[in-house]
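Input: a single structure, listed below in structure tokens.
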Amino acid sequence: MQRDLSWKVGLQWAVREKAPVLCVHCDEAWLDRSEWRLLDRLALADKLTLVFTQPWQNLVRSTEAERRAEQLWIERLGDDYVRAQVIREWLRSATQVREILA
């Protein structure tokens with residue numbers, strides 16, 4: 001009984017959040033209409049089980065966090081963002097970074 005209830009709650013959350021669902025009890029996935037086409041287009045249709053692994057999810061989260069952070073800096077710095085990127089790359093390659101920043 002508890003398993004059925006947790007599955008229903010998980011499914012309701014996934015439907016509300018528009019997230020794909022993997023049933024841990026039957027090892028099957030429920031996808032929205034367009035999700036399968038997207039997986040197919042991204043050549044991930046045969047790698048569906050990978051999408052639900054923790055390393056994959058960690059990669060998705062970190063990639064999204066990086067994208068959001070970059071967007072935030074673009075909004076904050078505007079045209080200066082490109083210049084800041086150039087300076088950052090220059091500092092990464094500089095041999096005397098500590099002296100430059102002192």
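Quick notes on this structure:
- For the range 53-102, Kirkwood radius (reciprocal of mean inverse C-alpha pair distance, Å): 13.0
- In sequence order, the range 79-91 has phi-based couplings of 5, 6, 4, 4, 4, 4, 5, 4, 5, 4, 5, 4, 5 Hz under the Karplus curve 6.51 cos²θ - 1.76 cosθ + 1.60, θ = phi - 60°, and Gly or Pro positions carry x.
- Extension gain for residue 71-residue 38 works out to 9.5 nm (0.36 nm per residue, less the C-alpha to C-alpha distance).
Read the figures in this text as sums done on the coordinates, not as results from a lab. Given the structure is predicted, the values throughout are model-derived calculations rather than measurements.
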